[in-house]
Amino acid sequence: MAPRTSAKICGMGHSMKRKEDPRFLQGKGNYIDDFTLPGMLWLDIVRSPIAYGKIKNIDSSKALEIPGVLAVLTGKDLEAYGLHWMPTLMSDTQMVLPTDTVMYQAQEVAGVIATSRYAAADGVAAVEVDYEPLKPVIDPFKALEDDAPVLRTDKEGKTDNHIWHWEAGDKEATDRIFEEADVVVREKMHVPRIHVASIETCGCLADFNPVEGHLTVYMTTQAPHAIRTVLALVAGHVGLSEEKIRVVSPDIGGGFGGKVPVYPGYVVAIAASVVLGKPVKWIEDRMENLQADSFARDYHMDAEIAANADGKIRALRIKTIADHGYSDAQAAPSKWPAGLFSICTGSYDMEQAYAEVDAVYTNKPPGGVAYRCSFRVTEAVHCMERVVDTLAHKVGKDPAQLREENFIPKEAFPYQSPLGWEYDSGDYQAAMDKAKEMIGYDELRAEQAEKRARGELMGIGVCSFTEVLGAGPSKDFDILGIKMFDSAEVRVHPTGKAIARFGTKSQGQGHETTYAQIIAEELGLPAAHVQVEEGDTDTAPYGLGTYASRSTPTAGAAGAMAARQIRDKAAKIAAHLLEVSEEDLDWEPGTFSVKGAPDKSVSIQDCAFAAYTNMPPGMEPGLEATNYYDPPNLTFPFGTYICVVDIDRGTGEVTVRRFVAVDDCGNIINPMIVQGQIHGGLTQGIGPALYEEIPYDEDGNNLAGSFMDYLVPTAVETPAWETGHTVTPSPHHPLGAKGVGESATVGAPPAIANAVVDALAHLGVTHVEIPIRPDRVWEILREKGVAE
Amino acid sequence: MKIQDGFTIDAPAADVWALLSDPERVADLLPGAKMGDRIDDNTYSGGMFVKVGPLAVAYDGTVSFQLDESERSVQVRARGRGKRGMGTAEMTMTSQVIAHGDTRTEVTIDSDVVVTGILAQMGRGMIQVVSKKMLQEFVGNLTKALA
């Protein structure tokens, strides 16, 4: 679709270079660790080496002898202020610092405050903690057994390790279909615990002014406004009321959901600043980050499809055990403990579905952040796309063909899914056709047949995902009661330049560019003249932040609506300037002209100047608007990914030879940024597919607590991505946009897993667990007698 | 983690037992071990330095010995805390001296090792290998001492 605006205005559809990049590329970004304040102190954290045990004693005396160490804060110290526990966003509770028991390895045990980072680290090494180890509960299935020790003894009356049960769909109707169906396929799978592993770890700089009772927190957070409110609710009793709290989220080096929750380190830093009356900085090191927070996934799923003999899907049934670790500290909307898992019916039309999730406590750090994923959509899509392939193999159909025969047809939109969603728009066949054409699907199948005859292992994997994002409509979505709208405030200056502030917070998504393009599209002001600001709760309008691909669907829409309000006012000014009535004006981006007399015109800049210098009689001066956008529905981007893998029969290594990604995210704001999002998301999809996992041994030791063992893909492992797109606008979003940040992370792992299974299908293999490490593949090859 | 090991040495069982039942001499022969003060009849303070791949951990703690003269067996229980927050280690090791004729002696070693913290996370796969290597050095030192 050709852009509606000129290259000078650079509205939607232009691949405008990112406005934020000059500072990032020159190393001039302003990240949390770049902040320094006079008199600033450092916090470093003593962490538990064991997964479960009683604290017998904490001896701080040697630490306090170290020059520069000023204080050691323990749970007992915080208890005096009632700050040793905090609520999670899911209305569970979590220790800030323990008073008697540690519940997972790397748990925060004490905070050492010192005049330098080095002294703080020396202090941490000198704090002596005596533990009495207890046998931890690591396996979530064992955690549910009757004789399992109850972990959350802090909860009165708790007699087991079960957290909650969630279900969606009509169980009885689904079961009936399963009883009578021609074909039932079943696959058990684990989407393991992984880590967001962003370049920047978590940290903050807490600055409490004891004279004014005012707290400023510079903090790596994706949701600064929500954090401010949470701080006010948690620490209101010690005098921190909301008007005295300012949260500033500076440049963020990757968030991916890991920087939504409140971690104990933030609270300890704030408590230390309040107690000492000095600024206190806390920055995690890499191993702390990989061991203590920002964990995602960990769903054990048992999925079944009931189908006709020809492969027409009739029903889906999924039973899930969710390992949440020590606390349910994920950051999902309140009513959605299992997130948007009920998107699991995916791109396929069926009569019934039933999904259930049971959440479990174990002695692992709290998990479940929505890692580049709209709340459990990754788990749901992986599950469905894997078991659809199992069905295709079972009924002897090509996996692409079986998908096509089950797609929700494009005429069926808006489509009511059996689990309660109203999909806004889609054309799944178009994306499939394009992906097949780009990769040369039929030729690849022929090549595979030849290679298979020669004993070579090559697989083709297909994934046709449907995402659900943009949380969300206030009737269904809130976090701690706060509705999940988002906001924009646009102010046009007299010279026709503008500042636009939003309730979200970019962590690399390019908001400073795309939001400016949205304003440019609607107002005709050049995007280069629109300055975008986010992240400071003292200046930005209230919003719930950036995660779950919600920025474009919510704050982006708010920006468009605010710009339209401004345009409406500008039209009145233009009519005044041109001495005609408003109805006699034509609008094309940037210019009002008189109908039938196009040379009689004024620019949006003229209107801006007049708004301050020559407004119509009776009109309020100024040109600005604020919009809080409550979306009427979620958006449902989709796509088809096809990849080709080769498997080395000697080593079991999987090489992704080609990967075609066709995405449909509705109308596109900046094609270059969309492509960048997809490249990044695909790379973050190879990770969990082939390399990444945080495993624990039976003692609760994290076995991938450094980059030596936690393998994130590098340029070496990354194939040359081939991307394409189709455009099916969202009918309810003001710009027809849907959001794209997470589609690729969601769609890539099942495409790769399906390709590996496809390469091995003739040997009777129906499933391989991710990450598909060489040793896992080699075991299969050896078992099937084809290892070289 | 349970580790079973052992060795056979060309020396009379009585000589081997005399050495192995003397904690201070054992500590001298064990690479990385340092014996401290005697706390009671069977217990000493002590230190142990272990290098596992890229990790070097210095433990401070206690070690106690239970001798069974009639069985020529010794049970060693060691408990240490790693310096600089490097986690903890606990070991229970039972060794028995078995005579094979007058000049050959077998020593069996059954250990149960529990490590926490960084060594457990990162060195897990290497602990058996390292323990074997330490034993080899120990046997080498023992052979020299008995020669």
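Considering Cα pairs under 8 angstrom that are at least six residues apart, work out the relative contact order of chain A and quote it in whole percent.
Across chain A, relative contact order equals 16 percent.
Using the Cβ-Cβ distance between A:Asp599 and A:Ser15 with R0 = 30 Å, the FRET efficiency computed as 1/(1 + (r/R0)^6) comes to roughly 0.40.
The alpha-carbon of A:Lys188 sits under 23 angstrom from the alpha-carbons of these lysines, leaving out residues fewer than 8 places away in its chain: A:Lys142, A:Lys171, A:Lys312, A:Lys319, A:Lys364, A:Lys394, A:Lys397, A:Lys784.
Under the criterion of Cα pairs below 8 Å and six or more residues apart, the relative contact order for the range B:2-146 equals 28 percent.
Say a paramagnetic label sat at a point 7 Å from the Cα of B:Met1, along Cα to Cβ; which residues of the range B:124-145 have their backbone N under 13 Å from it? Hits in the range B:124-145 for B:Met1 at 13 Å: B:124-134.
Largest first, the extents of the alpha carbon coordinates of the range B:2-146 on the three principal axes equal 47, 33, 24 Å. The angle between the Cα long axis of helix B:127-146 and the longest principal axis of the Cα atoms of chain B comes to about 40 degrees, rounded to the nearest 10. Quick one: go through the range B:78-101 and flag any residue whose amide nitrogen is under 13 Å from the point 7 Å out along the Cα-to-Cβ line of B:Thr62. In the range B:78-101, the label zone of B:Thr62 (backbone N under 13 Å from the point 7 Å along Cα→Cβ) covers B:78-81. Multiply the residue separation of A:Glu579 and A:Ser91 by 0.36 nm, subtract the distance between their alpha-carbon atoms, and state the gained length in nm to one decimal. Between A:Glu579 and A:Ser91, full extension yields an extra 169.8 nm. A crude spin-label estimate for the pair A:Arg776 and A:Thr626, with each label 7 Å from Cα along the Cβ direction, gives 5.0 nm. Between A:Asp130 and A:Asn308, the simple label model (points 7 Å from Cα in the Cβ direction) yields a spacing of 7.3 nm. The residues neighbouring A:Gly39, those whose beta-carbon lies less than 12 Å from its own, together hold a net charge of +1 under the Lys/Arg +1, Asp/Glu -1 convention. Long-range amide H contacts for A:Leu41: which residues qualify at under 5 Å (H placed 1.01 Å from N, peptide plane, sequence gap of 5 or more or a different chain)? Long-range HN contacts for A:Leu41: A:Val280, A:Lys281. The range A:426-491 and the range A:66-143 have Cα centres spaced 42 Å apart. Strictly over 32 Å apart at the Cα level, which of B:Lys83/B:Lys132; A:Lys8/A:Lys505; A:Lys62/A:Lys135; A:Lys135/B:Lys51; A:Lys259/B:Lys2; A:Lys17/A:Lys483 would you flag in this model? Violating the 32 Å limit, Cα to Cα: A:Lys259/B:Lys2; A:Lys17/A:Lys483. Note that the range A:307-316 has calculated 3J(HN,Hα) couplings of 9, 6, 4, 8, x, 6, 6, 10, 7, 10 Hz, one per residue in order, obtained from phi through the Karplus relation 6.51 cos²θ - 1.76 cosθ + 1.60 (θ = phi - 60°); glycine and proline are x. P(r) for the range A:307-387, from all Cα pairs and a bin width of 5 Å, is 3, 14, 23, 23, 16, 10, 6, 4, 1, 0 %, short bins first. Modelled label positions at B:Thr92 and A:Tyr81, each set 7 Å beyond Cα in the direction of Cβ, lie 4.4 nm from each other. Here the contact order of the range A:569-633, divided by its residue count and restricted to Cα pairs under 8 Å and six or more residues apart, works out to 28 percent. Normalised by 2.2 N^0.38 Å, with N the number of residues, the alpha-carbon radius of gyration of the protein assembly as shown equals 1.07.
Size estimate for the range A:416-538 follows the Kirkwood approach: the inverse of mean 1/r over distinct Cα pairs works out to 19.5 Å. Compared with the alpha-carbon gap, the fully stretched path from A:Asp59 to A:Ser706 is longer by 230.1 nm at 0.36 nm per residue.
Hydrophobic, long helices, defined as DSSP H runs whose alpha-carbon span along the helix axis is 20 Å or greater and whose mean Kyte-Doolittle value is at least 1.0, occur in chain A at A:743-760. If R0 is taken as 60 Å, the Cβ-Cβ distance between A:Glu717 and A:Lys158 corresponds to a FRET efficiency of 0.85.
On the beta carbon distance between B:Val139 and A:Asn30, with R0 = 56 Å, the FRET formula returns roughly 0.40. The stretch between A:Phe141 and A:Arg186 holds 14.3 nm of extra length on full extension. This uses 0.36 nm per residue minus the Cα-Cα distance. The range A:523-557 and the range A:168-234 have Cα centres lying 22 Å from one another.
So what is the 222 nm mean residue ellipticity for chain A from helices alone, if each DSSP H run of at least 4 adds -39500 (n - 2.57) and you divide by all residues, rounding to the nearest 500 deg cm²/dmol?
My calculation for chain A gives -8000 deg cm²/dmol from helical runs alone.
All of the numbers you see were taken from the coordinates with simple rules; none came from a lab. Quick caveat, the model's predicted, so the values are computed rather than measured. Virtual Cβ from ideal backbone geometry, glycine too; neighbours counted across all protein chains shown.
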